[in-house]
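Rule-based calculations on the coordinates, nothing more; no lab input. Model, not experiment: these values are computed from the prediction. Neighbour counts are summed over all protein chains in view; Cβ atoms, including those assigned to glycine, are modelled from backbone coordinates with ideal geometry.
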Amino acid sequence: MHETNWAGNYRYRAGKLHRPSTVEQLQEVVANAPRVRALGSRHSFTDLADSDELVSLEGLPEEVAVDREAGTVSLSAALRYGELAEVLEREGLALANLASLPHISVAGAVATATHGSGDANGNLATSVAGLELVTSSGELLTASRGDPDFDGLVVGLGALGAVTRLTLDAEPAYQVRQRVFEGLAWDALHEHFDQVTATGDSVSVFTRWGEAVDQVWVKSRVTDDPEQLHDDLFGAAAATVDRHPIIELDPVNCTLQLGVAGPWWDRLPHFRMGFTPSSGAELQSEYQIPRLHAAAAIGAVHALAERVRPLLQVSELRTVAADRLWMSPQYGQDTVAIHFTWHPDPVGVQRVLVELEAALAPFGARPHWGKVFVADATTITPLYERLPDFKRLVDQLDPRGAFRNPWLTNHVLGPP
Ligand SMILES: Cc1cc2nc3c(=O)[nH]c(=O)nc-3n(C[C@H](O)[C@H](O)[C@H](O)COP(=O)(O)OP(=O)(O)OC[C@H]3O[C@@H](n4cnc5c(N)ncnc54)[C@H](O)[C@@H]3O)c2cc1C
């Protein structure tokens, strides 16, 4: 098919890209394909989504249904968050959180436990209340929160089937204000880490591991209480102009800052739908560390600053709440996520990742499934207590290994 992922660093080797327009057609495609994977909006950075054949669900009817009594919205899984937000806006509804960009498909984000930030916010998969997927026999399976194995089905890494519909928790629409603070001293971050991440509902710390932390982005829900205005955040000055996380890039791509209240979907992501997110020419990696090791892990990366900086566009630190989803990097632990937006230099990045992963190993760092990392299945296995259960689920739902691909074998499941 000769097509690439969003970043352009990976060319899919699949010989065929199917685009079914009904669930029945999808069932037939999946049942007849020896090896197949569902493809989302292609924002992952590796061969994670690849197979001999791929199937895009973008041609399935776009149906969004709100259930006000249950407080949920059910949607076609290939929808992007930005598209879903348009419907929710008309219904006066919202999601609890979003990632840095609204461009990604809901199914792809959920399958890889994509997250935003916030001490009290779980990753985006935690808002899944139900799902429907086509398994490798072509059967349509539905499951809801509370069903046996549901916690294993949600962050499925594409290994369990093609997810056709998702039901997400919804809540009344709300407004958010976003403010940026610049030049936080490292000592202040370490001393007041818990207070910094609790300054808003979603807080992102951007740094190039230099003399000081570059920027702190604070997103706060608007309430009836008057806004508590700060001229500074532990010595970091409030920005007086809009910023891009990569300081030299144009903030026109970013959601509005300077405390201007706006709808949840236009403030929680850093980047605006219809504009280039991040830098566009990049690779990304991210490690989720148990929150109790935050200071030590941040210190360990800081000690590698000279190795990291030449390849780095920017790093982002976020917090994500614990959950019970078997393959979630937040399973059983509140986490701090240490993210790297790299220059597109795969060889250099691979080299520095070996050093970073060695430095972060003592803290039980779990890599982001959708980004670039080195750890193989042997390293990953002890990090996921429920991995044996996930393997059982894979065997049960996909006994012929149709959804298995080299990425899964190398990084998660090990050899069959
Ligand atoms: C600019 C940029 C910013 C990002 N920001 C963030 C961020 O803020 N937070 C974060 O956590 N991550 C972030 N990511 C990573 C991104 O969210 C993940 O890589 C996510 O998987 C992308 O979803 P996708 O639909 O593009 O997935 P794809 O790359 O298309 O697929 C990823 C996986 O999902 C599976 N999948 C997709 N659709 C289905 C389906 N219907 N059924 C079953 N499996 C399916 C695929 O098989 C594959 O295994 C970012 C990536 C980019 C490029």
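Below are the figures for this structure:
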item	result
Segment V87-R400, length gained on full extension (0.36 nm per residue, minus Cα span)	108.8 nm
Distance (nanometres) between label positions extended 7 Å along Cα→Cβ at D52 and A65	3.6 nm
Spatial separation of Cα centroids for the stretch 225-260 and the stretch 22-87, in angstrom	35 Å
Separation of alpha-carbon centers, the stretch 357-416 and the stretch 311-349, rounded to whole Å	16 Å
Efficiency of FRET between V252 and K16 - r from beta-carbon atoms, R0 41 angstrom, step 0.05	0.60
Rounded to 5, percent antiparallel among DSSP beta bridges of the stretch 163-307	100 percent
With Cα atoms, 0 to 90° folded angle of helix 81-91 axis to the chain main axis	80 degrees
Under the Debye formula (equal points on every Cα, no solvent term), log10 I(q)/I(0) of the stretch 11-78 at q = 0.18, 0.28 Å⁻¹	-0.72, -1.21
Relative packing of 248-258, 47-57, 192-202, which averages over residues the other C-beta atoms within 10 Å, highest first	47-57, 192-202, 248-258
Around A125: net Lys/Arg minus Asp/Glu count, Cβ-Cβ under 13 Å	-1
Reachable lysines from K16, criterion Cα separation under 20 angstrom, eight or more residues apart if same chain	none
Fluctuation leader among T207, T378, T112 - the chain, Gaussian network, Cα springs under 10 angstrom	T378
Neighbourhood net charge (15 Å Cβ-Cβ; Lys/Arg +1, Asp/Glu -1) for P399	+2
DSSP-defined antiparallel bridges as percent of all bridges, the stretch 303-342, nearest 5	90 percent
Rounded D (µm²/s) - the chain, Kirkwood Rh over Cα pairs, Stokes-Einstein at 37 °C, 0.692 mPa s	152 µm²/s
Footprinting exposure proxy for D119, D376 (fewest neighbouring C-beta atoms within 10 Å first)	D376, D119
Neighbour net charge for L57 - beta-carbon separation under 11 angstrom, K R +1, D E -1	0
DSSP-defined antiparallel bridges as percent of all bridges, the chain, nearest 5	90 percent
Cα-based Rg of the stretch 64-173 normalised by 2.2 N^0.38 Å, two decimals	1.00
Radius, Kirkwood style, for the stretch 165-217 when every pair of distinct Cα atoms is counted (Å)	13.1 Å
